[in-house]
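Presented below is the structure to which this report refers.
The values are calculated or read from the model by the stated rules, or taken from the named source; none is laboratory data. Values in this document were obtained by computation on a predicted structure and should not be read as measured data. In this analysis, Cβ positions are derived from the backbone assuming ideal geometry, glycine residues included, and neighbour counts consider all displayed protein chains.
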């Protein structure tokens, strides 16, 4: 059998997969941001009708997946596999969302890069001939993340200037071997990169080297130049991390003129007090399943490189003096 | 392209993959158990030379993977992909172990089923034509798990009779498209099953219905009867969960005469005070990479169904009154 790998990190799909349908839900603050009208459902008080924030996050995943399935005219029983993840300890956002749903389940942990990891694994599985359709769903919730990673909301902790704001959102995609939609053609899987950043309130800086590593690997493996893409979109580097990424790529001889970052796109820095921008699994997932995939379908862009980024630390690793390892996966998507 | 799926949950590999090499490390108590001589390295004080339990767990993964690679005469750069997971919040055991290793990385969360999830995804990826070799490594550590899921060791909490003992161990496998070794032929991916057990000290009962669901699905999808296998080995149901599994399968008309459970095999209930048995990602991983794969290579068994089980809850979900969802993946492995 032929090897469908290009270089060290990239998988070239033997036939492009369709991003058949997608859906998302988001919270109040996200709805008030510049992408508010790209979200399918906005919750007025971020509870999504549940009694705890963690249960709200599971409800978000269930709802985003249901929206994506509905739009594709599919039932969950028509998914061959479900790939899901979130930021919570033991990924309970995903497990409780998928409970009782009749679908073979893979739980992932890739921090904020999880939408990239899920799309990558779904693509490798389907292109390998295993099944027809896979769902990918991820989420993050500001209130669950604050409670778990930082301080309880009631504490009213002050945020540092480099901090980012965890997005309350969930995004779901149905990937399929047949059907209409934007096409996923290549997947570049990230390595873990750690340049020694120990400030967990500066995750943009911690993740930028991983984004640089993966984007450079993708271009090297595919032989493409940055201008092949109309847009190279990172996950949640935020304003500081984005600036660092551009500097790092410039040093590699890869100046980007077409970079955007979901963490910068999702909030308005003038009107919304989010410091360096948005973050969380739900950040790039909600931007992908709104602005980006809608834009590809409508012909706004032709070729997109979607590069979710993640910081693979925990409060415990930070307390133990560890630096923050980053990862980034890149997915090449073309207009239908 | 043909669909290589059988039924709802099973992937039939187009050509069996070799379990090329494997390695494991374990702690003191595990070394004193009945499988002590099947572990490659035993640490005298469970620190693995590190200053914190969490760093010890990362060291265990690095060492287990290095042992597996060495035995296969491979460098980490010859792995196309690494699949890794553990029980820690944000899976830091795996992320810090893989940091700085030049290998595309997929982080998984499947609780104690993670070795099954990793082997399944590695198999789907390689059989799909993406790369030649993949590593799978998982771990658990008694001291990190107690601190995080229950009470700090210093507290000296009393254990309930249905409790299990988290195994301090890591196991690694190199899966390859070419080479000698036991063969992985089928992968049955589990659904999340929750029958309403809310006692987090009775995880055997919480996971047994998922094990029943997946074993029944595997037999249905492949058309095999239980006696096709010389051994059907669950992950860490322990003594109570194993008994429940046999009762549940009997009700399904699938009596098992050839069942074993890694959680029961790894400790000696007469000499070692572990109540219902061992648990943790490292439990079935260490039994697989010792007793089971060595036994297959030596002709002790011909056909094995390896069924790691996981409980997908967290302390937070338990505090919020939630029941414990279970999952189980099944892997059909034949002697070389």
Kindly establish whether residue A:336 is in contact with a strand residue (DSSP E or B) (Cβ under 8 Å, 6 or more places away or on another chain) and crowded, with 18+ Cβ neighbours inside 10 Å. no
Failed condition for residue A:8, given (1) in contact with a helix residue (DSSP H, G or I) (Cβ under 9 Å, 6 or more places away or on another chain); (2) facing chain B (nearest Cβ under 9 Å); (3) surrounded by fewer than 19 Cβ atoms within 10 Å (Cβ to Cβ); (4) without any contact (Cβ under 8 Å) to a residue 24 or more places away in the chain: (4)
Restricting to the range A:255-295, name every residue that is touching a helix residue (DSSP H, G or I) at 6+ places or on another chain (Cβ under 7 Å) and without any contact (Cβ under 8 Å) to a residue 12 or more places away in the chain. none
Got at least one residue in the range B:125-133 being more than 8 Å from chain A (Cβ to nearest Cβ) and within 22 Å of residue B:39 (Cβ to Cβ)? no
Going through A:181, A:128 one at a time, which residue ends up being closer than 23 Å to residue B:330 by Cβ, over 14 Å from the mean Cα position of the chain (by Cα) and surrounded by 22 or more Cβ atoms within 10 Å (Cβ to Cβ)? A:128
Among the listed residues A:75, A:68, A:64, A:26, which satisfies the condition of being over 20 Å from residue A:297 (Cβ atoms), assigned by TED's automatic domain parsing to the domain that holds residue A:124 and at pLDDT 95 or above? A:75
What are the residues in the range A:98-112 that are assigned to a helix (DSSP H, G or I) and either facing chain B (nearest Cβ under 9 Å) or closer than 17 Å to residue A:185 by Cβ (or both), if any? A:98, A:111
Is one or more of the residues making up the range A:39-51 in a helix (DSSP H, G or I) and surrounded by fewer than 24 Cβ atoms within 10 Å (Cβ to Cβ)? no
Restricting the range B:312-336 to residues that are assigned to a strand (DSSP E or B) and more than 9 Å from chain A (Cβ to nearest Cβ), the residue that is nearest to residue B:148 (Cα to Cα): B:326
For the range B:63-93, enumerate the residues that are in a helix (DSSP H, G or I), crowded, with 23+ Cβ neighbours inside 10 Å, touching a helix residue (DSSP H, G or I) at 6+ places or on another chain (Cβ under 7 Å) and more than 8 Å from chain A (Cβ to nearest Cβ). B:93
Count of the range A:208-264 residues which are part of a strand (DSSP E or B) and surrounded by fewer than 22 Cβ atoms within 10 Å (Cβ to Cβ): 2
Taking the range A:307-326 and keeping residues surrounded by fewer than 18 Cβ atoms within 10 Å (Cβ to Cβ) and in contact with a helix residue (DSSP H, G or I) (Cβ under 8 Å, 6 or more places away or on another chain) leaves A:315, A:320
